Amino acid sequence: MRLPGSENWDDALVREHMLFLEAVSRSIPSLVAEIASHAHYAEPERMAARPNDALFAITEAAELAFAIGDVDLGLEYARDAASRLGAGDGQIFTPMQALLAATLGALANSLDIVWDGDSFARIVRPPDAFARTIGIADFTGRITFNAPSAAYNVALMQRVAAAQAASAFDRRLPLDPDVGPTLRFGVEAGDAEGFDPRRRRYVWNAFRLTPEGQAAIGERMPSYGTLARIVAGRELHFDAHLALGDATDVAGPHRGGFIDWGLLALWTGFFRTHPLRFAKYRAQTEGGSFIRALAAAIADLDAPEPEFLFEGSGAPG
Amino acid sequence: MKIHWCYKGIAEQAGFSDADAETIVTRSGIRSNWLRANPGLAADAANIDAQDRLSDAALDDHVNAYGAVAHDTPYISLSAGCHEYRNPYQAPNPITALRTAVGFATNRGSTSGYIFRCWAVTAPQPAPEVLGVADEIRDINLFADFYQYHHEGEITAKIVVPRRHIQLVTKIDRFGVPIAAAWSNGSAATLRNAHFVEPSTVANLLETI
């Protein structure tokens, strides 16, 4: 299972680059602190709030690992990325950066994002009883996103929805008694009695995931089948993006951005919750097959008929 | 005009040591390869030749075919970072200036090196021939043909980055961690430039008289 287009990559170079990215992700906070302490024009706080490779470099390392089919290493990097939320090294995350870390944490089962009755969504860590907390022992706070007052709402909420979908790793168990009643999956949230219609708009738009995302809102959320088809539409764009080759036509990629984290999170969430229900909607493209195979591997899906998931250009190897 | 903070990474190697990094900060500034390749040129001749070397084609060569002109390009690559745009469904991927500089300074994790922090004034439009302002190559609204290395977030200075623009240099190991250096005034990781001039000096926000 490799990212389509990556067949000619020199994996030794890719692994070398992953190590570089991992090293940079660890050294950048100390380097920023060192420079900031001598840079009197730019206050240290301002520098710390800027995009910081403590998160982005490790995210790219995860992308590369997933791209070459090393799922375990990719998840290790994903857990590492999520752990930066509680690293306590002065890193200040913007909401988007927190969501990126949370998305990776949700994929790796080290963080959870829940819908609840008071706010739109919160990033929390799983209860200790789950023993799924890996590397985020110090992360005791919650990051809360409110709707519709949050900044850059649509883009933010789309990412919340994707991250939250993947975090629905066990819908039967309460997450945290302090959170109160939680709605673990966007579909259920959208259809729940008493769910604020304004919030339903965001949930629905989040799953539409089209450039025309702010379309008219129906009374109810779409069915699972409709949902799967909508998300599959996004695969066409993902596949077209891969086919353009701008990220995959070199022997050793030196930049990321070729894994669609939202798409991967949605499929992972689908497979974690209703694998058979979603499996019958088949991928039509190489890119779609890759992202579903990766999601299935992340979900540790022991599909009875794995070939059922993929068709068209053939199942990934 | 815009004023950018930038980073420049240079690897430690034979011919570029702590002393050379210190010389950049305290004496020479960051010189272009053209300037370094013409060390004995008389000032009058250098003034004329340097301006002659700046052109659309020369900038294109520097950005898109660096290997062919590396020995005497009049331009100097700095990084201010960038967001890489992929497709409508993916958030732009940020690649920070510091990561790019660390990559150059360490040859991607294989050697120790130096990170310089400096500022540059850029023109709001393409100005490859104009000495005195840098070009914001990373803005693909201005430099649409220079996309291949867009991820490097390049700001291209010309002939020399004056030492007054260089705030500091930090030595790093091959992993990007600050390490002690042998500066003439001590062994800290960072050497500050005592003669640095703040970029606010050329900003257009004026105090009252």
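In the range B:10-42, which residues are crowded, with 19+ Cβ neighbours inside 10 Å, small (Gly, Ala, Ser) and assigned to a helix (DSSP H, G or I)? Result: B:ALA21, single match. Can B:ALA181 be described as within 14 Å of another protein chain (Cβ to nearest Cβ), touching a helix residue (DSSP H, G or I) at 6+ places or on another chain (Cβ under 8 Å), under 30 Å from A:HIS17 (Cα atoms) and not β-branched (Val, Ile, Thr)? Yes; evaluated as a whole, the condition is true for this residue. Return yes or no: is B:THR106 of a type outside the set (A, V, I, L, M), buried (at least 21 other Cβ atoms within 10 Å of the Cβ) and closer than 27 Å to A:GLU16 by Cβ? Answer is yes for this residue.
Which one is farthest from A:MET96 (Cα to Cα), of the residues in the range A:38-57 that are touching a strand residue (DSSP E or B) at 6+ places or on another chain (Cβ under 8 Å) and at pLDDT 60 or above?
Filtering first and then ranking leaves A:HIS38.
Scanning the range B:127-152 for residues that are touching an Asp or Glu at 6+ places or on another chain (Cβ under 9 Å) and touching a residue at least 24 places away in the same chain (Cβ under 8 Å) returns B:PRO128, B:GLU129, B:ASP135, B:GLU136, B:ILE137, B:ARG138, B:PHE143, B:ASP145, B:PHE146, B:HIS150, B:HIS151. On inspection, B:GLN90 qualifies as without any contact (Cβ under 8 Å) to a residue 12 or more places away in the chain, within 26 Å of A:PHE56 (Cα to Cα) and among the polar types (S, T, N, Q).
Would you say A:ASP249 is surrounded by fewer than 24 Cβ atoms within 10 Å (Cβ to Cβ), closer than 14 Å to A:LEU3 by Cβ and modelled with pLDDT under 70?
Yes.
Could you grab me the full set of residues in the range B:94-135 that are of a type in the set (S, T, N, Q) and out of contact with any His (no Cβ under 7 Å at 6 or more places or on another chain)? Selection gives B:THR96, B:THR100, B:THR106, B:ASN107, B:SER110, B:THR111, B:SER112, B:GLN125.
Residue check: A:SER27 meets all listed conditions (1) more than 7 Å from every other protein chain (Cβ to nearest Cβ); (2) at pLDDT 90 or above but one, namely (1). Taking the range B:43-134 and the strands (runs of 3 or more DSSP E) fully enclosed by it, the elements with 1 or more residues that are within 26 Å of A:ARG26 (Cβ to Cβ), at pLDDT 90 or above and within 11 Å of another protein chain (Cβ to nearest Cβ) are at B:82-84, B:113-122. Scanning the range B:107-125 for residues that are in contact with a helix residue (DSSP H, G or I) (Cβ under 8 Å, 6 or more places away or on another chain) and under 23 Å from B:SER200 (Cα atoms) returns B:ILE115, B:PHE116, B:ARG117, B:CYS118, B:TRP119, B:ALA120, B:VAL121.
Looking at B:TYR66, B:TYR7, just one residue is more than 30 Å from A:LEU263 (Cα to Cα), aromatic (Phe, Trp, Tyr) and in contact (Cβ under 8 Å) with a residue 40 or more places away in the chain, and that residue is B:TYR7. In the range B:157-177, of all residues being away from chain A (no Cβ under 14 Å), surrounded by fewer than 24 Cβ atoms within 10 Å (Cβ to Cβ) and in contact with a Leu (Cβ under 8 Å, 6 or more places away or on another chain), the one that is farthest from B:TRP5 (Cα to Cα) corresponds to B:ILE159. Checking the structure you have, find out if any residue of the range B:166-179 is hydroxyl-bearing (Ser, Thr, Tyr), over 26 Å from B:GLN51 (Cα atoms) and not in a loop (DSSP other than H, G, I, E, B). Scanning the range B:166-179, I find at least one residue that is hydroxyl-bearing (Ser, Thr, Tyr), over 26 Å from B:GLN51 (Cα atoms) and not in a loop (DSSP other than H, G, I, E, B), so the answer is yes.
The values are calculated or read from the model by the stated rules, or taken from the named source; none is laboratory data. Here the structure is a predicted model, which is why all the values come from computation and not from measurement. Every residue, glycine as well, gets a Cβ built from its backbone with ideal geometry; the counts of neighbours run over all protein chains shown.
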